[in-house]
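A.B. asks: The structure is given below, and queries will be raised subsequently.
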């Protein structure tokens with residue numbers, strides 16, 4: 001028997017850590033929700049944080065390095081379940097402390113700057129997927 005907590009407990013803890021980092025970022029007042037868009041494939045990653053306000057305006061926020069580290073940990077932990085790693089995620093927190101996350105395993109991420117195809121190949125080498133879990137666009141990309 002191992003002392004390591006079960007998968008769901010580990011991922012929930014990492015998600016909670018990410019949510020807290022997003023929630024407690026400055027400025028601490030006036031916002032209604034914050035959204036993190038995070039994309040990671042092989043060695044390439046992108047993160048954008050937007051804060052929304054009651055008047056409908058939004059404001060970009062700097063992305064803390066600690067939050068990037070936590071998101072990398074979360075992606076790695078979730079990839080251990082044999083379906084490969086997710087390619088992007090959207091995490092939202094509101095000013096009441098509620099959080100929701102969605103994970104994209106199948107759709108090609110929309111990058112702010114184009115990335116090289118070899119990043120996807122490198123990602124599959126690190127986080128293999130069963131053949132049936134490779135989406136058609138990714139299969140075409142890796143097969144040239």
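The values are calculated or read from the model by the stated rules, or taken from the named source; none is laboratory data. Just so you know, these numbers come straight off a predicted model, no measurement behind them. Ideal geometry is used to build each Cβ from the backbone, glycine not excepted, and the neighbour counts take in all protein chains shown.
A.B. asks: When you scan the stretch 74-83, do you find a residue that is touching a strand residue (DSSP E or B) at 6+ places or on another chain (Cβ under 9 Å), surrounded by 16 or more Cβ atoms within 10 Å (Cβ to Cβ), modelled with pLDDT of 95 or more and under 18 Å from residue 16 (Cα atoms), even just one?
C.D. replies: Looking for residues that are touching a strand residue (DSSP E or B) at 6+ places or on another chain (Cβ under 9 Å), surrounded by 16 or more Cβ atoms within 10 Å (Cβ to Cβ), modelled with pLDDT of 95 or more and under 18 Å from residue 16 (Cα atoms), one finds at least one in the stretch 74-83, hence yes.
A.B. asks: Restricting to the stretch 84-110, give me the number of residues that are in contact (Cβ under 8 Å) with a residue 60 or more places away in the chain, under 12 Å from residue 22 (Cα atoms) and in contact with a strand residue (DSSP E or B) (Cβ under 9 Å, 6 or more places away or on another chain).
C.D. replies: 5
A.B. asks: Right, something else. Given the options 14, 49, 68, name the one that is in a strand (DSSP E or B) and within 30 Å of residue 121 (Cβ to Cβ).
C.D. replies: 49
A.B. asks: Same structure again: Quickly run through the stretch 119-131 and pick out the residues that are within 10 Å of residue 43 (Cα to Cα) and more than 17 Å from the chain's Cα centre (by Cα).
C.D. replies: 122
A.B. asks: What are the residues in the stretch 127-144 that are closer than 25 Å to residue 77 by Cβ and touching a helix residue (DSSP H, G or I) at 6+ places or on another chain (Cβ under 8 Å), if any?
C.D. replies: 127, 134, 138, 142
A.B. asks: Read through the list (1) in contact with a strand residue (DSSP E or B) (Cβ under 7 Å, 6 or more places away or on another chain); (2) under 13 Å from residue 68 (Cβ atoms); (3) part of a strand (DSSP E or B), then give the number of the only condition that residue 40 fails.
C.D. replies: Only one criterion is unmet by residue 40, namely (1).
A.B. asks: Among the residues of the stretch 53-65, count how many are assigned to a strand (DSSP E or B) and surrounded by 16 or more Cβ atoms within 10 Å (Cβ to Cβ).
C.D. replies: 1
A.B. asks: Does the stretch 34-45 hold any residues that are surrounded by 15 or more Cβ atoms within 10 Å (Cβ to Cβ) and closer than 25 Å to residue 127 by Cα, and which are they?
C.D. replies: Correct list: 36, 37, 38, 39, 40, 41, 42, 44, 45.
A.B. asks: Residues of the stretch 79-106 being touching a helix residue (DSSP H, G or I) at 6+ places or on another chain (Cβ under 6 Å) and in a helix (DSSP H, G or I), which ones?
C.D. replies: Residues satisfying the conditions do not exist here.
A.B. asks: Taking the stretch 1-33 as the search range and keeping residues that are under 13 Å from residue 67 (Cβ atoms), touching a residue at least 60 places away in the same chain (Cβ under 8 Å) and in contact with a helix residue (DSSP H, G or I) (Cβ under 9 Å, 6 or more places away or on another chain), which one is surrounded by the most Cβ atoms within 10 Å (Cβ to Cβ)?
C.D. replies: 18
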